[in-house]
Each structure stands twice: as structure tokens, then as C-alpha cells.
Amino acid sequence: MSSGMPLLAIVALPFIGSLVAVFLRQDARNGAALLAGTIALCATLLTALQYPAVHRGGVLRTGIEWVPTLGLDLTLRMDGFTWLFAMLVTGIGFLVALYARYYMSPADPVPRFFAFLLAFMGAMLGIVLSGNLIQLVFFWELTSLFSFLLIGYWHHNASARDGARMALTVTATGGLCLLVGMLLVGHIVGSYDLDQVLASGNQIRTSSLYLPTLILVLLGALTKSAQFPFHFWLPHAMAAPTPVSAYLHSATMVKAGVFLLTLLWPVLSGTEAWFYIVVSAGLCTLLLGSYAAIFQQDLKGLLAYSTISHLGLITLLLGLSSPLAAVAAIFHTMNHATFKASLFMAAGIIDHESGTRDIRRLSGLFRFMPITATLAMVAAAAMAGVPLLNGFLSKEMFFAEAAAFHIDSLLDHSLPWFAMLASAFSVAYSLRFIHGVFFGPPATDLPRKPHEPPHWMRFPIEFLVLACLLVGILPAMTIKPFLATAVYAVLGPNTPPYSLAVWHGFNEPLLMSMIALTGGILLYWLLQRYLAKGIDGSPLLRRLKGQRIFERVLVTLSWRWARTLERLFGTQRLLPQLRLLVGFAVLAALLPLYRQGLEAGSQPGTAFDPAFLLLWIVGGLCAIGAAYQAKYHRLAAMVLLGGAGLATCITFVWFSAPDLAITQLLVEIVTTVLILLGLRWLPKRIEVVGEGLSLGLQARVRRVRDLMLALAAGTGMTLIVYAMLTRPLPDTISRYFVENAYAEGGGRNIVNVLLVDFRAFDTFGEIVVLAVVAVTVFSLLRRFRPAPESVEAPEQQQVQDAYDKARPDRAVGDTLADYLTIPATIMQWLFPAVIMVAIYLFLRGHDLPGGGFAAGVTMSIALILQYMAGGTRWVEARLRIRPVRWIGLGLLCAAFTGIGAWAFGHPFLTSYFQYLELPAVGKVPAATALLFDLGVFAVVVGATVLILIALAHQSVRTPRAARPPLVAATPAMTKEDA
């Protein structure tokens, strides 16, 4: 069943809202909250409207072709289970946005908060509605990224930065494991489509790759849902604003792991490996989280460990491989979302109105905020599993499954006792939340006098607590149809009969519940004296801290091992880095040659041409001279290097490759100028001190070693090229491009059609990389830019004296400035001419040598000439170049050209061409690839000019005395010679 627009809108709306929020004023708190709330509400309504299509087992699907040959399409899929999760994500997201409007301070950059929150919502919806495994992993990592930004929102707080870093490290590492696991699943099934994967359970379970696949997928899910031993990151995420905590713990992020386990339950469960790994992790997490929550002094810390415990309960249920246990897991996922979101919001209100979350300072708040206290007590009772609340129903199902038989093992037989113990812990920490905060004598040392919050700040809690009551009292009339829809989507025809009645008679699960409630009350009463001491943390786990282990692992990996590798292979000098790179390349090339050998082919060679030999002799001498002069004079080395590049350009022309020749020539010009600007910032050479034999010998050995390495690499490449050129030309893929360049791409220039049509996806990735590199270079140089200073008058006089000495025949009154005006004027005159050449190369590129890249480099040359003629300030004042905008508009132009193909049902970046009839001109070929090429042109211009600006500002704003010399002095050269 297909329903394209609603599913696309549900996922796209939060991302669009996030982009809009970025451009709001930082003090526009009401506008940002209204935007976020409207987006979340619209997404909730759109999701709700899809229920009739999925409640009877229907599946909504929509797909947009991306890279269909690799099975990578943008596929969205909604069934009953994913519909339920999408409702949780959007519905609770709306309530959190409403709550955050009153919680966030006007002093905070609130639009940025809502931008992160909406993007996080969109990423979570992408996970839930993904119909492709690779696409799911992509959104999975996006949630890690945006949760990092949300947790570290108050970046001035060290604990927020540490918590965000820890969360990103753990969950992103798990995401990498998940990616490998999904690749293995796709390899086993032969497809990454989720529907095909869900229909291939037996094939996956019987595969020899099942166990590594299971472990990798579980690593992704368990790290995301903070399961033992990866639970430690979640309490440290409490440094985030409370709306983030409420959203992250109830409907997003940590629920992504159990969502994935439930989604893949039909294909991965049912094996002993699944039982022992998942049940063990869930049980340890359930006990550890519930026990640690009792001893927390921070309200959010208590709720964080309770979240860990309840997620462990859901994981444990899924690990039992029982259909009824899966039903209980889905049901408890829904119930946990309601009471946990309301509890976090209540904790935020307590903090907001009293100024603290420390239970040791809070007491007797019921008389100051009775409504909030009542709501929080009902939600805490639901968390404890008190009858007539929704948490009680799913706890009863949990007890029933814990007492049932699954697999003959000690672990299975001990589950009822562990379940009652964990539930008793849950009752104890719920009682501590209620009694320690709302009852007792009124607190006297609070930062603020507590009072009730504004009504609309409390409304989300009222709504969620009402849901807890209605589901607990009237489950058949409220939650039953939605739960049935979700359960059937996961279990299908294997859905077992189950009952949501409040009373099932006096049975074993009820007895276990009574024991747990009684035991929890008794445990809290026994621990009151210890808890009154105000000691933070449990007595048994105080030393076993996950953060300490995490930090030690990071220190071992990033400090000890990384430093060891850096000492062995790392260097800050460019030459040793190149030496290692070329050396490894030579070794990698020798291995296949050693195994298979290298023989020349049988094809006869072409006729010998003395002119071509002379060209390469000149090019080779330039290359050798550049290497030799680099020791003494870097400027001369650059000139000779340009000569070697020119020889390469002529070679391309010689062998009928004009596109390569044009590109090579233009790139040679631009890179030469940019490197010349950067030469003065290179560090001085290591000077040879003294005339000792050992130092001189070391220098000779180093030069001989570099020469031998260069000869080995060059000779090897020569032999490989010769062996390839003397073989018969095989039937390669190039024939396809020759035959289809005009028929399908509308162009006769095969190279350009290949870049902007057949392999446009690769080109798009390359221009993105180019943009990133340009911004990185600019940012790095900007960090090291010295403070502006003017050139001192004595230094100007020295320059003028040098000119007078060099030009004794000058006219009277002729100054250096007059002399420099002549080439500057010529450069300015060349500007429109070079621009016309750039336009010419751009327009002819689809049929003749040229294209967006060559035109962009040519345009960059025109701008470089202006910088050389007028200087940085003059050019920026007259031309007002904004390279970042060029880059941004270029990327948008290229991306929207690709997206436009989707509107006509074609894969991303599919081009279209036809002939246009123009008056007085006739038929003119027109292709959408021209727009993509325009994006390439803009990115190349922006990236080149951005780097040029960075280098030019360095040169202009730095006093001459602070600059290193262009040429470093050597023992054979005096300072004057240099």
C-alpha cells in the first residue's frame, strides 16, 4: 500500500522547522516555541490520520530512488508498531515543546534549542519510519549527533560537555557496530529492504553469519538504550535541560534501542544466543538500575537510573523469545513513555520553582504546590506498579512471563525472584521520590520560595497522568485497539490471545505484585536512616563507576596507545609524512607484483617522436631541478615545478585529452599562486650547525634515501603503465559512455557528461569535500592570524632604496608605487576578459572541452588577478565577494537539481535534456545537468577564493618583521644573498 506524501511530510516537517528556527532571533522565545509546537502538532495529526490504513495489518510504503543499483533508496514504511512509536515521538514532542516554552530562560538562545529539538525529532522519526536498513543506521547516527548537541546545550557547564561527549562516544560507537551488523543482514538476505528482511527470519537464523550479526546489532541497540555494561552514559546526560531529559528518556533516543530489538524480534529471536545475551543484559540492567536509583540524591539522577531499570525490563521481556513477552514489552514501552515523561517534567517544575533538585534540601513541597505534587505522586505510583494505573498492567504481564517456562536453565528458573526483587526496588525509589520531596517539614534553605507553575507549563503533566489513569482503569476502552495494532504488526499471525482486564483473579502474578509492593515499602522504611545521612550513591556501587571505567578506556586508547603510534609513525614535518605515504604505496604495489609478476604485452609500440622525447626531457629536468632547488630557493623550485606541470599539460594535448589539459593548466596557475602566498609561512629549514662529518653525512643519507624512494615509485609506475599500454584494449565500460553520452546525457563531451550525469553522485560528493576543505583551511588560518599592524616607515624606505639601487636609469620622480601601477592596471583590464573566458568554458562544456570545474577555476584566476593588482582591502571593498555564499548556493543548486528528478519519479541526480527553439537562434540543446554544473562552478569559485582570502589576509595584516623569510639561510649563503 502506498501513501507517499504523508510519510514524507511526517519526517520532513521537523527538519524544515529546525532550519527555520536557526534563522530566528536569539530572543524570539515565543516564536521559536510556537514554531516547534506547531510542527510537532502537525506531525502528530498527520500520524494519527494514518491509523485507519494500518490498524488491520496494513503497511504504508513510499520510496524515492537514490542509488537503485546498490539497493539504496529513500524508503519510508509505516505499520501498526511504527505508527505507535511515531505517535509517541510526535505527541510527546508536542508536549515537551509546550513545556519548554515556560521552562527555558529568556537569557538562553531558545531558537537554537528548538532547532536542535526539532532536528532530533526528525532523526527519531527517520529511524521509526525507515524502510531500508542503511537508511535506518543513517538516522540512528543522526540521533546521536543531535542528542550530543542537546545534552551539551549549556556548553558553559563542564558536566554538560562531559555528558554530551560520553553519550556521543558510546552511542556513535554502537552505531558503527550496528552499521556492520546491518550490512551483514543485507548480505544474508540479499537486500536491505526492511520488508524482505522481516520475511527472512529462518534464513537469517540458520546463516553461519547469524552470531556475529546478532552481536553487532545488539551492540548498537544496547548502547543506545543504556543497557549493562553501557548504562553509565545515561545518568551523565542529566546535565541537559529538563525538557531534553523528558523527551530523551520517554519517547526518543534510549527508546531507539528497544524499538530496534522489537522491530527485528521476528527475525533475530528464538535462539539460545539471543536468550542468554539479551536476557542477561536486561536482567543486569533491571537490577542495577533499580538498586542504584534508591540512593540518588538528585531527582533527575533517580529518574535516570529508573529509566535504565525499566529499559532493562523491556529488554529482558524481548529476550525471552515468547510472543506474550513481546506483547508485554510493547505495552510497557507505551506505559513507560507516559509516566516517565510526566515525572521528568514534574522534576523540572520542582527545580524551576524551588531552585534545586537535591532531595536532601527538598521537603514538604505538597503544601506549596499541591497540584503538581498530586500529579507527580500518581505518575510515581504508576512507575511503582500500583493497581489501577497503567504501570500495574504491564508489570503484571512481566511477572506472568517471568514465572513462565522458556528454556531449561538456572537463569530462567531464577527470573521470578529477580523480577520481584527489582520491583521491590522500584517501589522503594518511587516512595523516596514521593515522601522525600512532598512530605515532611517544609524546607527552609531553598534558593527560591516554591509555588505552582503556570497552568500551561503543568498541562503536559496533567495530560500524561490522565492517560496513566485511563489506561489503568479502562484499558479495554482506551489502549487495547492501539496495542493490538502494534502487536499484530510485530507478531503477525503468531499473535497470542491476551487480556488487558484489571482483575484476573487471585493468581501468581498478583501474588508477586503484592510481595513486591510490600517488600518495597519495608525496604524504604529500613533504609530511611541510611538515606537521611545524605550520602550520594549506593554503598555497593560507589567504587564501581562506569564513568571512571570509561575515562580510563579513553585514556588508554587516546593517550597511551595513540601516543605510542604517534611516536612510531607520526611527525609534524611534511617530508617524513610524504616519505611514509610513498613508502607504503610502493610496498602495497610490490605485493601483487611479487605474487603475479609483471610482463609486457604483445601490442607493438607507436612510432618514436623526438619532439615528444624532448618535451619529457625538459619536464623531467624541471622536476629534478625543483627537487634540487627546494633545498636552496623555494621560489625557484616553484617556477621549475610549474614547468613540469606545463609539460604534463602538453602531454595531455599530445594524446588528445583537451579536457585534462585545460583543467591541468588552470589548476597549475591557481595552485602556484596559492602556494606562493603560503610559502612565506613555511617553517625554516633545519640549519646545519658546524662542519662535523656526522651531520653532513646524515643529510646526504637522507637525500639519497629520498632519491631512491622517488626512483622506486616512478620506475614502478612507468613499468605498470607500459605493461598496460602494450596489452590489447579490453571491452571496458568506456564503450558504454561513448555510445550513450549523447543519447542519454545530451552532450558530445564524454568527460563532462560523465562528471555531471552518469557519475554526478560522485561529483556531488567531491564538491562537498572541496567545500569542507576550504572552510577548514580558512578556519585554521583564521585562528593563527596575527593582530593587524601597519608596515613601519623605515621598512618602506628600505624597500624604496632597494628599488632605487635596482633601477638607476629611472626617470626623475619615478617611485616604486608608480612602477607597480603598470602591471596592476593590466591585471585590472584582464578581469572582464578572463570572466568572458570563464563563461565561454562553462557554456561549451557539455559538447566541447570545458565545463563547470574549468570555468570555476578560470573565474578564480580572474579574482586572483584582482587581489594581486589592488590588494585585499581594495578588492573586498569593490567586488564584495562572499565566498561562503558561493559555496552554499553552489551546493544547494547541485542538490536541488538532483532532488528535482524525484518530482518526476526518477532517481536522484537523473538529468533530462531536450532542444529548445529560440527566436533568431534556432534549436539549442538544453540539459538539467547544466544547473548541476552551475553548482560545481559556484563551489569551485567559492572554495578557491575562500582559501585565497585566508592567505591574503595573513600576508597583508602581518608586519614584515614577523614574517619568516621566503628563503632560509644556509651555511653556503649569507643573509644578504638570502
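Values in this text are rule-based calculations from the coordinates and carry no lab data. Computed from a predicted model, the values in this text were never measured in an experiment. Glycine also receives a Cβ, built like all others from the backbone with ideal geometry; neighbour counts cover every protein chain displayed.
Computed quantities for the displayed model
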| quantity | calculated |
| --- | --- |
| Percent RCO, i.e. relative contact order, over region 269-533, from Cα pairs under 8 Å lying at least 6 residues apart | 25 |
| Local net charge near Thr307, Cβ-Cβ under 12 Å (Lys/Arg +1, Asp/Glu -1) | +3 |
| Additional length obtainable on full extension of the chain from Leu580 to Phe761, 0.36 nm per residue less Cα span | 62.0 nm |
| For region 461-539 and region 124-144, distance of Cα centres in Å | 30 |
| Most to least packed among 384-394, 708-718 [average Cβ atoms within 10 Å] | 384-394, 708-718 |
| Which of Ala637, Ala292, Asn494, positive extreme of dipole for the chain (C-beta unit charges) | Ala292 |
| Cβ-derived FRET efficiency at R0 45 Å, Ala895 paired with Asn30, nearest 0.05 | 0.90 |
| The chain: calculated mean residue ellipticity at 222 nm from DSSP helix runs of at least 4, using -39500 (n - 2.57) | -23500 deg cm²/dmol |
| Per-selection Rg to Rh, region 269-533 - Cα, Kirkwood hydrodynamic radius | 0.99 |
| Whole-Hz couplings from phi, Karplus 6.51/-1.76/1.60, listed for region 461-475; x for Gly and Pro | 5, 4, 5, 5, 5, 4, 4, 4, 5, 5, 5, x, 8, 10, x |
| Karplus 3J(HN,Hα) series, Hz, for region 744-759 with 6.51 cos²θ - 1.76 cosθ + 1.60 (x for Gly, Pro) | 10, x, x, x, 9, 7, 4, 4, 5, 4, 4, 6, 9, 10, 4, 10 |
| For the chain: relative contact order, % (alpha-carbon pairs under 8 angstrom, 6 or more apart) | 9 |
| Karplus 3J(HN,Hα) series, Hz, for region 345-351 with 6.51 cos²θ - 1.76 cosθ + 1.60 (x for Gly, Pro) | 5, 5, 4, x, 5, 4, 5 |
| Gain in span if fully extended, Ser602 to Arg360, counting 0.36 nm per residue against the direct Cα distance | 78.3 nm |
| Amide proton proximity set for Asn749, modelled H, under 5 Å, gap of 5+ | Asp847, Leu848 |
| Sum of side-chain charges, Cys649 neighbourhood, beta-carbon under 15 Å (Lys, Arg +1; Asp, Glu -1) | -2 |
| Label-point separation, Asn494 to Asp195 (7 Å along Cα→Cβ), nm | 2.1 |
| Extension reserve of the Ile624-Thr271 stretch, reckoned as 0.36 nm per residue once the Cα distance is removed | 120.4 nm |
| 13 Å beta-carbon shell around Lys255, net charge (K/R +1, D/E -1) | +2 |
| Zone residues, region 634-654, relative to Asp706, backbone N less than 18 Å from point 7 Å out along Cα-to-Cβ | 634-642, 644 |
| 5 angstrom amide H check on Phe228, placed H, neighbours 5+ away | Thr285 |
| Distance in nm between pseudo-label sites at Ile733 and Arg882 (7 Å out along the Cβ direction from Cα) | 3.9 |
| Over 32 Å between alpha carbons, listed pairs Lys449/Lys533; Lys255/Lys533; Lys300/Lys395 | Lys255/Lys533 |
| Label selected from (i) 60, 46, 21; (ii) 56, 35, 29; (iii) 63, 34, 30, the criterion being semi-axes √(5λ) of the Cα gyration tensor in Å as computed here | (iii) |
| Within region 599-616: backbone nitrogen closer than 12 Å to the Thr715 label point (7 Å, Cα to C-beta) | none |
| Placed amide H near Thr75: partners under 5 Å, 5+ positions off or other chain | Ile64, Gly131, Asn132 |
| Spin-label model distance (nm) - Asn507 vs Phe655, 7 Å beyond Cα toward Cβ | 8.0 |
